[in-house]
Amino acid sequence: MNVVISVTPDKMEAYIKLSNILPGEEITLDKLTEEIRKAKIIHNIDLGALRHLCEEPVENTPVLFAHGDPPKDGEDGKIVFEILNQKSFTTSGSKVDFREFPVQKRKIVKNGQKIATIYPPTEGIPGRNVYGEPVPAKKGNEAKVLLGKNVALSEDGMHIIATNEGILKIDIEKGMIEVSEYLEIDGDVDYETGNVEFPGVVLVKGDVKPGFIVRAKEDVEVNGVAEASTVISLEGTVRVSGVKGKDKGLIKAKKDVHVKYAEAVTIEAENLYFESNLMNCTVRVTNAIIGTGPRANIIGGEYIALSKIEAEEIGSDFGVNTYLEVGVNPYIREELKLLNVQIETDKTSLQKLINIVKQYKEMKEKGVTIPPDKEEQFSKVTRTLINLREQLERNLKRKQELEEKLSVMRYQCSVVARKMLYPGVEVFMHDARYMTDRPLPKVVLKYEDGKIVAGGYGG
């Protein structure tokens, strides 16, 4: 009998083949194991298979009698977005699969905020071949990802950190993460998008529907119409194609507001630039209201500016009431109003406290015994009196500062009607009032010697 032992190239399987078995020859387990020992095969020997071969021998047919333990490859590294309720993404090679990333959902992150944790791949568990030799496991793939704008790795390389405020964005094709300071709304701001609150720049390609809010730290641009809605730029400029406020809307910017037209809306900014009609609006700016187009008319409403209000036509031939005030910063004026109310309230309260303290002193001078609880009340009144006097002094000083500012402003202002100023328009400059009983073509109104004077416009 011949015994041949063969092993697969990967050394993970061993076979035994019998040939030339003589008639009546006994095949024993000892004979087979002796040949296996000579072949140095020691791991995972299947004695059951060998016994079966002894009992029912077959010739020239390889029989599997030993197999190795394959290694268990390591798991790929992964990225877990804690910011997205533990959503994780594993890798394939060096590319992260972002197909399940919820791109339709806006996720705003702050500067320094942890976006995700990068978990390293595992080493895996080694195997063993039929010779008992170790078979190394394949380590998992690294969770590699491209870092775009405004994101960085933490010092230990374990986390992805936002380096600026913005919206978390994933480029599925490039496998890239970034924080964008630019938010683009493809259509309208409505129930589908919800209100928009963003720390960067916002572009709305459609309308802002009634009751909805767009608030951004930087510039806001609305390609459509803002309908009875709120659009605010905290530090930048607002540009809106059209505004239909229906007496409910607000457009506000720290810098400038640009509109093509606006109806029945409140606008607050440094400057307002408009191309067509402003109708029945309430506008307060800290510098100027300027019409930039040939149909830039102001009809009805209230308009307050520090330096200038300029339009093609102001008012209308129907005598629509239109109120204009220049030479005053509207916010300074509002602060002054509040200060005056507070000063009068403080003066009244101060006098009442003075009377209480006066009564206390008179009682002490007369030797009247005052209970401890009353002593504490009088002590509290005295402390309140001191604090109130200090507050009143601060408010009086602030009032003086504001009045001095207003006094200077009123001399550096004008109202310009490049084409026509109509009856029904009421103009205020500081303490002077002006109205005309007939249309005035190409007119400039200025403040001189305590009154408003009309001059010609030569533009």
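Summary of computed values
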quantity	calculated
Index of the failed condition, E401 passing every other in (1) touching a helix residue (DSSP H, G or I) at 6+ places or on another chain (Cβ under 8 Å); (2) at negative phi	(1)
Top-ranked residue in segment 149-170 [being small (G, A, S) and not in a strand (DSSP E or B); ranked as surrounded by the fewest Cβ atoms within 10 Å (Cβ to Cβ)]	G157
Filter result for the condition that a residue is touching an Asp or Glu at 6+ places or on another chain (Cβ under 7 Å) and β-branched (V, I, T), over I21, I27, I36, I41	I21
Hits in segment 121-168 - residues which are β-branched (V, I, T) and modelled with pLDDT of 90 or more	T122, I125, V130, V135, V151, I160, I161, T163
Residue in segment 319-340 that is basic (K, R) and within 23 Å of F428 (Cα to Cα) present	yes
Unmet requirement for E142, which otherwise passes all of (1) acidic (D, E); (2) in contact with a Gly (Cβ under 8 Å, 6 or more places away or on another chain); (3) open to solvent by less than 70 Å² (accessible area, probe 1.4 Å)	(3)
Only listed residue being polar (S, T, N, Q) and over 33 Å from the mean Cα position of the chain (by Cα), chosen from T292, T322, T266	T322
Residues satisfying the stated conditions in segment 300-330, i.e. open to solvent by 30 Å² or more (accessible area, probe 1.4 Å) and hydrophobic (A, V, I, L, M, F, W, C)	L306, F318, V320
Hey, N271 among the polar types (S, T, N, Q) and more than 19 Å from R333 (Cα to Cα) or not	no
Qualifying strands (runs of 3 or more DSSP E) (wholly inside segment 39-115; at least 2 residues being at pLDDT 90 or above and open to solvent by 60 Å² or more (accessible area, probe 1.4 Å))	63-67
Segment 10-25, residues that are under 18 Å from I45 (Cα atoms) and open to solvent by 70 Å² or more (accessible area, probe 1.4 Å)	D10, K11, K17
Segment 376-391 residues that are under 21 Å from L338 (Cβ atoms), paired with ones that are in a helix (DSSP H, G or I) and open to solvent by less than 90 Å² (accessible area, probe 1.4 Å) (beta carbon under 8 Å, 6 or more apart)	L388/D346; L388/S349; L388/L350; L388/L353; R389/L350; Q391/D346
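The values are calculated or read from the model by the stated rules, or taken from the named source; none is laboratory data. In this text the structure is predicted, and so the values were computed from the model without any measurement. So basically every Cβ, Gly included, is an ideal-geometry build from the backbone, and we count neighbours across all protein chains shown. The protein model used for the area step is the full one, side chains on, heavy atoms only, and it has no ligands, DNA or RNA in it. Shrake-Rupley method; radii C 1.70, N 1.55, O 1.52, S 1.80 Å.
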